[in-house]
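Working notes for the structure below.
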Amino acid sequence: MAISPESKMRSPDRILVLKIIDDKKPLSSKGLVDSRLFTGDNKLHAVMDQQSALWSFKYDQGIVPAPLKCQFTSFKALKAHADLYFASRNIEIVEVKD
């Protein structure tokens, strides 16, 4: 089995660090973006349910936007969905903290 950065992650609760692309404002045509996500005052978590082994999103504070209220069978699928969602909002995921 090949060792990849993803295979080294073992935590069922990972933090996705977000950054605005090109220092522009995040696009808000799909709803407001919590500005605390960029300052570290609020965090977006990717959390795996230990019983079902399904991944989902969670904020430290507040309600996750409707497009992110999904469950995924793998962290890789969750990350791909988040990448597409945030790219359309002019936001990128710069780091995943295990």
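Where a number appears in this text, it was derived from the coordinates with a stated rule and is not lab data. What you see is a predicted model, and the numbers here were worked out from it, not measured in a lab. Cβ sites come from the backbone with ideal geometry, for glycine too, and all protein chains shown count toward neighbours.
Figures for the structure shown
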{"item": "Estimated distance in nm for a label pair at residue 63 and residue 87, the labels positioned 7 Å out from Cα along Cα-to-Cβ", "result": "2.9"}
{"item": "Per residue Cα convex hull volume in Å³ - calculated over the range 9-97", "result": "92"}
{"item": "Full-stretch length increase - residue 22, residue 70 - with 0.36 nm per residue and alpha-carbon distance subtracted", "result": "14.5 nm"}
{"item": "Inter-label distance, nm, simple model (7 Å from Cα along the C-beta direction), residue 80/residue 10", "result": "2.7"}
